[in-house]
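S.K.: Quick one: the structure is below, and I'll ask about it shortly.
FYI, it's all coordinate maths here, none of it is from the lab. Owing to the predicted nature of the structure, the values given are computational and were not obtained by experimental measurement. We place every Cβ from the backbone using ideal geometry, glycine too, and count neighbours over all the protein chains shown.
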Amino acid sequence: MSNDVAATGKLVLCPTPLGNLEDITLRVLRALRESNVIFAEDTRVSKKLLHHFDIHTPLQSFPEGAHAARLRTLRTYLRDGKTVAMVSDAGMPGISDPGAELVREAHACGAAVEALPGPSVVPGALVLSGFDVSAFRFDGFPPRKPGERRTYLGGLAHETAPVVWFEAPSRVRVLLADVAAALPERRLFVLREYTKHFEQQLWGTAQSVLDELDAPRGEFTIVLEGTNAKQRADQITPDARALTAALQYLRATGMSAKDATEALRLATGLPRNELYRLAIQPARKAT
C-alpha cells in the first residue's frame, strides 16, 4: 500500500457478452448503472453496449498498455470514494485484455476490488471440447514470431493438461500449420465466434481441422488436448476397418454418407473429413 490514506472507493470488473447481448447479467447491468465512471478498453465498442441497455454512466478509455496518467486518474477516483467499473470489449477484463493494471493500482491504494461473474470463452471451450479438463493450462495468445512459436509448440510435446489459446483470424491457419508440423497426432478443438449466430466447432488433428476451415473470420479459441489423454484415446479409438464396417452398416440401413459420417463423428469424436472418406468407399464383398 502507498503511504497515503487508504482509498474508500471500489473497482468493479464487469464481464460483458462475447457476442450475444442476452448473456449479460443483472449484477453487471446494476454495477454499470451505479458506478461513477466506466473505464473501457474501447469506448466505441462499449458505447454500443451501454446504449442498448440505456445506461448513461460516463465512459473513459483505458486501452491495453495505458499510460501512467490513466492510472493516476483511477487513483484519484478511488481516493475520492468513487466506484469505477472496468469493461473490456468482450468477456472478463484482465484475461488477455486490459484490467490487471487497474487491479494492481486499486490494491496499491487500499481500495476494494470486486470481480463479477459472467461470460468467458475459456470454460465454454473446455467443456465443449469433450477433453479431460480436470486440469488445464491457459496460455492466451501463442507467440507471433514463427521461430518463437515453433519452439513454444515443441515444448508442449509432453504437456499432459489441455492448453487453451486465443488466436486472431489472420494468424489461425499459420498456427494450425505449425501445430500439425510439431504435434501431428495431437487432437484439438477449435471454437469460432462463440455464442454468435455463426458459431463453428471443429475437432480433430491440426491438419484435419485446417482442411475443414474455410476463410477464417471472427474470434478463435483453440483447445489442444493433453498428451496422456491422446494416448488413452488411441487405446479405445476403433481402427479403420471397424469404422468402415460401422459406416457401411449405417449406409445399408438407408443413411446417406453425410448422415452416417455425422452419427459416427458424434460417437467417436473423430474428424468429419476422415470419416466421410471411409463412408464413400465402395462396400467390400465377402470373399
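S.K.: Going Cα to Cα from Lys47, which aspartates and glutamates come in below 14 Å? Please leave out same-chain ones fewer than 8 positions away.
M.R.: Asp89
S.K.: Now a separate question. Can you match semi-axes √(5λ) of the Cα gyration tensor in Å to one of these, (i) 46, 20, 15; (ii) 38, 23, 17; (iii) 30, 23, 19, based on a calculation from the structure here?
M.R.: Given (i) 46, 20, 15; (ii) 38, 23, 17; (iii) 30, 23, 19, the structure-derived one carries the label (i).
S.K.: Can you give the net charge of the other residues whose Cβ lies under 13 Å from the Cβ of Ile280, counting K and R as +1 and D and E as -1?
M.R.: For residues surrounding Ile280, the net value is +2.
S.K.: Ranking Thr261, Thr244 by Cβ neighbours within 10 Å, fewest first, what do you get?
M.R.: Thr244, Thr261
S.K.: So if each residue of separation counts as 0.36 nm, and I subtract the Cα-Cα distance between Arg217 and Arg30, what length gain in nm does that give?
M.R.: Extending this stretch completely gives an extra 64.0 nm.
S.K.: Something else: What is the distance in Å between the Cα centres of segment 152-167 and segment 60-102?
M.R.: That distance is 30 Å.
S.K.: Nearest 5 is fine: what % of DSSP beta bridges in the chain come out antiparallel, could you say?
M.R.: Counting only bridges with both partners in the chain, antiparallel ones make up about 50 percent.
S.K.: Which number do you get for Rg(Cα) / (2.2 N^0.38 Å) in segment 76-146?
M.R.: 1.43
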